[in-house]
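Engineer: Before I ask anything, here is the structure I am working with.
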Amino acid sequence: MTKILVNDILVDEQDAKVAYNDRGYNFGDGIYEYVRIYDNKLFTAKEHFERLLRSAQEIGLDIDYTVESLTEVVRKLAEANGVTDGGVYLQITRGASPRDHAFPTPPVEPVLTAFTKAYERPLDKLENGVSVVTTDDIRWLRCDIKSLNLLGNVLAKEYATKYNAEEAIQHREGTVTEGASSNVFAIKDGAVYTHPANNLILNGITRRVIQWVCDDEGITFNEEAFSLDFLKAADEVIISSTSAEVMPVVKIDGETVNDGKVGSVTRKLQAGFDRYIESHSH
Ligand code: PDD
């Protein structure tokens, strides 16, 4: 029987329920993380849970969990479900309380749920690349918080799905921010460009690993906002996320990127990423 983590307890999937007045359900008032499992080990768990604690702090959510305690419960859950390759989604909401926009006073107990998902590396797409479309970024101005409130991202992803694309790359008045569930990189003349990690994007953990690889390899990593035109004229384009890893983009809005082949800088970043899977999975 598949187990779900509810607060500190592993329960059978059929018994895992949240309240109708949970603030996560009513307001999207909560935060989440997705941690990848490779070969029975958690990849960059520390970075993910540090980001979760930051998200909690940014929304004024008081929680007792630590990086260590979260790592431990997530490991227990993955083990219980026998997931050796996949990931864990973990959500924490501000809890169940009579509906009122303002925080409950006194605070109620936060509600944590976590579930596993078996998942294989997208090797074919990593080899051949994917197509993306572009769309307006209609989200709020605190995209640095990994909030459960994902309606803007959901609508962007649905737009991509409608046009048979892997991802929707969002832009604010022509300035590229990030994908619906990924970060975006343009490579020009051997240098990597990506939006600064400010309030307009999620500071992706995979993005950080790409930065480490750039440092290792002496590849220039520019945290600089760029335009849609710059993206479309790039030598190589990448999207990155915990599930997509270092994913080459070969088509944008139906037009090929460069010659439509995956480029050499992308290959270097992918190889470097694979090395980090080895060294940062515990
Ligand atoms: N999403 N930007 C957004 C809006 C995201 O939702 C994600 C990840 C990223 C990449 O972050 P990371 O490299 O830490 O996964 C960037 C996860 C995978 C999800 O919602 O499933």
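Engineer: Any idea which residue in region 185-220 is surrounded by the fewest Cβ atoms within 10 Å (Cβ to Cβ), counting only those that are within 10 Å of the ligand (Cβ to nearest atom), assigned to a helix (DSSP H, G or I) and not aliphatic (A, V, I, L, M)?
Structural biologist: It comes out as Arg208.
Engineer: Now a separate question. Pull up region 70-95, narrow it to residues that are open to solvent by 10 Å² or more (accessible area, probe 1.4 Å) and touching a helix residue (DSSP H, G or I) at 6+ places or on another chain (Cβ under 7 Å), then point me to the one that is farthest from Asn21 (Cα to Cα).
Structural biologist: In this case the residue turns out to be Thr71.
Engineer: Another question about this same structure. Which of the residues spanning region 153-184 are in contact with a helix residue (DSSP H, G or I) (Cβ under 6 Å, 6 or more places away or on another chain) and away from the ligand (no atom under 12 Å from the Cβ)?
Structural biologist: Within region 153-184, His171, Gly174, Val176 qualify.
Engineer: Moving on. Checking Glu223 against (1) within 15 Å of the ligand (Cβ to nearest atom); (2) surrounded by 16 or more Cβ atoms within 10 Å (Cβ to Cβ): exactly one of these is not met. Which one?
Structural biologist: Failed condition: (2).
Engineer: Further, regarding this structure: Got at least one residue in region 135-143 being within 13 Å of the chain's Cα centre (by Cα) and within 11 Å of the ligand (Cβ to nearest atom)?
Structural biologist: Filtering region 135-143 for residues within 13 Å of the chain's Cα centre (by Cα) gives 143.
Retained after the next criterion (residues that are within 11 Å of the ligand (Cβ to nearest atom)): 143.
Taking every residue of region 135-143 in turn, at least one turns out to be within 13 Å of the chain's Cα centre (by Cα) and within 11 Å of the ligand (Cβ to nearest atom).
Engineer: Go through region 11-20 and count every residue that is assigned to a loop (DSSP other than H, G, I, E, B) and surrounded by 13 or more Cβ atoms within 10 Å (Cβ to Cβ). Reasoning before the result, please.
Structural biologist: Start the filter on region 11-20 by keeping residues that are assigned to a loop (DSSP other than H, G, I, E, B), which leaves 16-20.
Then drop every residue that is not surrounded by 13 or more Cβ atoms within 10 Å (Cβ to Cβ), which leaves 16, 18-19.
Final tally of qualifying residues: 3.
Engineer: Are there any strands (runs of 3 or more DSSP E) wholly within region 85-166 with 3 or more residues that are among the polar types (S, T, N, Q), and if so which? It would help to see each step written out before you state the result.
Structural biologist: Working: elements: 86-93, 111-118, 130-136.
Strands (runs of 3 or more DSSP E) meeting the threshold: 130-136.
Engineer: Further question on the same structure: Considering each residue of region 47-69, count those that are assigned to a helix (DSSP H, G or I) and either closer than 28 Å to Ala96 by Cα or open to solvent by less than 20 Å² (accessible area, probe 1.4 Å) (or both), and give that number. Steps first, answer last, please.
Structural biologist: The first filter runs over region 47-69 and keeps only residues assigned to a helix (DSSP H, G or I), leaving 47-58, 67-69.
Filter once more, so that each one left must be either closer than 28 Å to Ala96 by Cα or open to solvent by less than 20 Å² (accessible area, probe 1.4 Å) (or both): 48-58, 67-69.
Result for region 47-69: 14.
Engineer: Do any residues in region 42-58 that are hydroxyl-bearing (Ser, Thr, Tyr) have Cβ atoms under 7 Å from those of residues that are more than 11 Å from the ligand (Cβ to nearest atom) and modelled with pLDDT under 95, where the two are at least six apart or on different chains, and which pairs are they?
Structural biologist: Between residues of region 42-58 that are hydroxyl-bearing (Ser, Thr, Tyr) and residues that are more than 11 Å from the ligand (Cβ to nearest atom) and modelled with pLDDT under 95, the close pairs are Thr44/His280.
Engineer: Which residue pairs have Cβ atoms closer than 6 Å, lie 6 or more positions apart in sequence or on different chains, and pair a first residue in region 172-183 that is within 14 Å of Leu141 (Cα to Cα) with a second residue that is part of a strand (DSSP E or B)?
Structural biologist: Qualifying pairs under 6 Å: Thr177/Gln170; Glu178/Val184.
Engineer: Please pick out the residue among Ser241, Ser281 that is in contact with a strand residue (DSSP E or B) (Cβ under 9 Å, 6 or more places away or on another chain), open to solvent by less than 40 Å² (accessible area, probe 1.4 Å), modelled with pLDDT under 95 and within 16 Å of the ligand (Cβ to nearest atom).
Structural biologist: Numbers: Ser241 fails: modelled with pLDDT under 95.
Only one candidate qualifies: Ser281.
The values are calculated or read from the model by the stated rules, or taken from the named source; none is laboratory data. Small disclaimer: the values here were computed from a predicted structure and weren't measured. Note that each Cβ is placed from the backbone with ideal geometry, even for glycine, and that neighbours are counted across all protein chains shown. These accessible areas exclude ligands, DNA and RNA; they are computed on the full protein's heavy atoms, side chains included. Shrake-Rupley method; radii C 1.70, N 1.55, O 1.52, S 1.80 Å.
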